[in-house]
Amino acid sequence: DNGDLNIIISSLLKKSDSTGCEYSDYISLWKSLNQFKPKCILELGSGITSALIAYYIKTRTNNNSIKFISMEESEYYFNNIKSIFPKDLENYVDFQLSDRVEKIYNGLTGCHYKSIPDFNYDFIFIDGPVDRAKFNDKNYPKTFNSDIVNYLLKSNNSVNAMLDQRILTLMTL
């Protein structure tokens, strides 16, 4: 794409208060989107990857038929990404702010968003919510992301999912 996506990501990395992903994560996400060609995308944890996904949608010929919901639990990061998000990509994403909640699953503590719009997602990118009730506070136990479990329990649809460095979630699933 003549480096357009790299320019977008590099620009956002300079402006964002978030740490973002590694470039290898961006490449893996881009490859997954192109492989699975999703029609309804759920991103758990808004950020620079939101721009990558929105850019993916923008570059598709049938981009009006692709739905993209991006969830965030932190009002601070929610406002930050919305304030720096590229204007030409805004129409391709629906940012949603929702509380983080915890629930016990067979003795394991999972965290998920309190309210996710009800759609038939066929691709879920998991990079949120934070895995501790207080970010990086070792006094709180780590949790796995249970949004995918909740989705699969209520849906008959198959879904492709990608985790971003959530080892406990991977081991639990």
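The values are calculated or read from the model by the stated rules, or taken from the named source; none is laboratory data. It should be emphasised that the depicted structure is a prediction, and the values quoted were computed from it without experimental measurement. Note that we place each Cβ from the backbone using ideal geometry, even for glycine, and neighbour counts take in every protein chain shown. Accessible surface areas use protein heavy atoms only, side chains included; no ligands, DNA or RNA. Shrake-Rupley method; radii C 1.70, N 1.55, O 1.52, S 1.80 Å.
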Added length on full extension, which subtracts the Cα-Cα distance from 0.36 nm per residue, residue 39 to residue 139: 32.0 nm
Sorted largest first, extent of the chain alpha carbons per principal axis (Å): 49, 37, 26
Residue pairs, from the table 58/82; 114/138; 82/154; 15/114; 15/82; 37/58, whose Cα atoms sit over 20 Å apart: 114/138; 82/154; 15/114
Helical mean residue ellipticity (222 nm; -39500 (n - 2.57) per DSSP H run of 4+; nearest 500) of the chain: -10500 deg cm²/dmol
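Restricting to the chain, compute how many DSSP beta bridges are antiparallel as a %, nearest 5.
Bridges in the chain that DSSP calls antiparallel: roughly 25 percent.
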Debye, to nearest 20: dipole size of segment 1-102, +1 on Lys, Arg Cβ, -1 on Asp, Glu Cβ: 460
Cβ-placed point charges (K, R +1; D, E -1), dipole of the chain about Cα centre in debye, nearest 20: 180
Neighbour net charge for residue 69 - beta-carbon separation under 13 angstrom, K R +1, D E -1: -4
Contact order normalised by residue count of the chain, Cα under 8 Å, 6+ apart, percent: 22
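Hey, got a sec? Which GluC sites (Glu not before Pro) in segment 1-101 land in a DSSP loop and have at most 16 other Cβ atoms within 10 Å?
Values: sites: 22, 43, 72, 73, 75, 90; in loops: 22, 73.
The qualifying sites are 22.
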Shape category assigned to segment 77-173 from the gyration tensor of Cα positions, a/c cut at 1.5: oblate
Between segment 35-102 and segment 1-18, the Cα center-to-center distance that results, in Å: 15
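For segment 107-173, with every protein chain kept in place, what is the accessible area per residue (1.4 Å probe, Å²)? Present the calculation step by step, with values, prior to reporting the outcome.
Details: 3860 Å² over 67 residues.
About 58 Å² of surface per residue is accessible.
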Highest-MSF residue in the chain out of 39, 154, 31 [GNM, Cα springs under 10 Å]: 154
